[in-house]
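What follows is a single structure, written as structure tokens, with notes after it.
Taken together, the values in this text are just the output of simple stated rules run on the coordinates, not laboratory data. This is a predicted model, so every value here is computed, not measured. Ideal geometry is used to build each Cβ from the backbone, glycine not excepted, and the neighbour counts take in all protein chains shown.
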Amino acid sequence: MFGYVRAAPDKLTAEEEQRYRALYCGLCHTLGRRYGAVSRMILNYDFTFLAALLSGAIKTEERRCVASPVKKRTVARENEALDLAADVSVILTYWKLRDGAADSGGLSRRGYGAVARLLGRAYREAARLHPDFDAATCRELERLATLEAERCPSLDKPADTFARLLGSVAGELQDPIQQRIMEQLLYHLGRWIYLVDALDDLKEDAESGNYNPILLRFSLDNGTLTGPAREAMVSTLDASIRQMAAAYELWDFGVWSPIIRSTVYQGLYCVGNAVLEGTFHTAEGRRGARGKKEQV
Amino acid sequence: MNDPYKILNVPSTATDEEVKKAYRELARKYHPDNYHDSPLEDLAQEKMKEINEAYDTIMKMRGSGHGAGSSPSGGSYSGSSAYGGYGAYGTQANARFREVRAAISRGDLHTAEHLLSILSDHNGEWYFLKGVICQRRGWLDEARRNYETACQLSPGNPEYLQALERLSSAGQAYRPEGYEVFTTGCSDNMCGRLACAYCLCNALGCGGVRFLWC
């Protein structure tokens, strides 16, 4: 996953914000315990959002860590949902890095390859615990590679691969109703992430000639989407967010409701907007300038 | 049956007006329009039934002149009858199209798609049904394109037009109180004043996660 999933902080109380941070830290600790310190660098807010979707009740504890060695922080106590979120994060990141290594050449290829190797042991363990999810991930990414090679001009077909991949996380849940709701929610989350990522890469791919379904689906005006093309792109992104919101309303997400609500009713729209306007990375850049290292 | 007050999420001391307001909010949330052609349509219908029953039970218990089984004035949220599957439509369409509609309402998209693929007459109905199948699958861009073609081929068909509008118009969808109508790509919306980025956990230890404002 690519770091596009954001909540809307202005809709959260201080307590809810604090709880989300505690979950972030909890996921980080879970990764560390299950897969070693290296795996903690894969942590991002997309995975934290996934953990919020999977978590029920939360218990917190005070802990120190590398990022906060002196002052103790409130951290979500490790539980089954965090375990699952950590396992899924490892599998997804591993395949994404493998994919990145296959896609690029030269230095970055070796870079991707090296990180994938570092994660190799963690990946094998996670895949052993969730063979179905691992198989689905592998299958969908193969499907995506085929569509890329064919230079498929549809938005939905390639997006469907990543959407199904994420949707298959629902298969790891117990309750059949929860499974259905989560499958729908995660399907559209995956679809949205894939399309927003493609939108984000539009200029770069237009120059490099890399596969990008948006380039093939619409005719672009100077590397940007304008007029009806832009409208159609926006409409399809929004439609997926509305499907997520509709699914969200059918399940009780407990203490995580405000975070999920602020994400599916506002946060995702704002991220989509920033990506479309080309300001997403300037905001990111500003963040990067303040704290050089963003990952633990 | 569960506690009707709990279902409507109001205390039992709530006034009639408060009960009505809570009911309306929930009815808007689970309105069939928000779940049309979603694979979760049936779950939303159940929710709708549950809140309708809860509301009627409370009003009956209170006996405050509302009459049994009445929904709030102007309430037209009477469940799913108007959206009862595709078998109900298509009286003029030929038998094949009816079969496709039946397969879609059974949830058998595979059969529906197959039946459609062997039809050579690609008229408005054909594109409409193709669009419905796409939408059920979550292929929303192709759904929209098929609906658009259906509307071009059969201008004035209210069913096709409604499907296209439902898929495109963001303004109609339910939003919780306090949330404006947000859409992607509207440069003039609220997002400019909203937080855009989280600062992630920082190894240099300046206090970890924080929110930055753009």
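Please give the average number of partner chain Cβ atoms lying within 10 Å of the Cβ of each residue in A:22-32, rounded to a whole number.
On the way: counts 1, 0, 5, 3, 0, 0, 1, 0, 0, 0, 0.
Per-residue shielding by partner chains comes out at 1.
Can you list the aspartates and glutamates whose alpha carbon is less than 18 Å from that of B:Lys130, not counting same-chain residues fewer than 8 positions off?
A:Asp156, A:Asp160, B:Asp37, B:Glu99, B:Asp108, B:Glu113, B:Asp121, B:Asp141, B:Glu142, B:Glu148, B:Glu159, B:Glu165
To the nearest 500 deg cm²/dmol, what mean residue ellipticity at 222 nm is calculated for chain A from DSSP H runs of n ≥ 4 alone, each contributing -39,500 (n - 2.57), summed and divided by the residues? Numbers along the way, then the final one.
Numbers: 13 runs with 198 residues, N = 296.
Rounded to the nearest 500, the figure is -22000 deg cm²/dmol.
May I ask for the net charge around B:Ala102, where only other residues with Cβ less than 11 Å from the Cβ of B:Ala102 are counted and Lys, Arg are +1 while Asp, Glu are -1?
Working: positive: B:Arg96, B:Arg98, B:Arg101, B:Arg106; negative: B:Glu99, B:Asp108.
Overall, the nearby charge balance is +2.
Which value, in Å to one decimal place, does the Kirkwood hydrodynamic radius take for chain A when every pair of different Cα atoms is included?
Numbers: mean 1/r = 0.0504 Å⁻¹.
The answer is 19.8 Å.
Using the Karplus curve 6.51 cos²θ - 1.76 cosθ + 1.60 with θ = phi - 60°, what ³J(HN,Hα) values do you get for each residue of the stretch B:154-166, in whole Hz, with x for Gly and Pro?
After applying 6.51 cos²θ - 1.76 cosθ + 1.60, I find 10, x, x, 6, x, 5, 5, 5, 5, 4, 5, 5, 4 Hz.
Between 0 and 90 degrees, rounded to the nearest ten: what's the tilt of helix A:280-290 against the longest Cα principal axis of chain A?
Tilt relative to chain A: about 40 degrees.
Average partner chain C-beta neighbours within 10 Å, per residue of A:231-240?
Working: counts 2, 5, 3, 5, 10, 10, 5, 10, 11, 3.
What the average comes to for A:231-240 is 6.
Can you run the Rg to Rh ratio on the stretch A:160-264? Use alpha carbon positions and the Kirkwood inverse-distance Rh. Don't skip to the answer; put the middle values down first.
On the way: Rg = 16.1 Å, Rh = 15.1 Å.
Here Rg/Rh amounts to 1.07.
Can you compute 3J(HN,Hα) from phi for each residue in the stretch A:222-231, using the Karplus curve 6.51 cos²θ - 1.76 cosθ + 1.60 with θ = phi - 60°, rounded to whole Hz and x for Gly and Pro?
In residue order, the calculated couplings are 6, x, 10, 7, 9, x, x, 5, 4, 5 Hz.
Roughly how many whole Å is it from the C-alpha centroid of the stretch A:109-162 to that of the stretch A:198-262?
21
Which whole number gives the average count of other chain Cβ atoms within 10 Å of the Cβ atoms across peptide A:263-271?
6
So who's got an amide H within less than 5 Å of the one on B:Asp37, skipping anything under 5 residues away but keeping other chains? H placed 1.01 Å off N, in plane.
Those lying under 5 Å, H to H, from B:Asp37: there are none.
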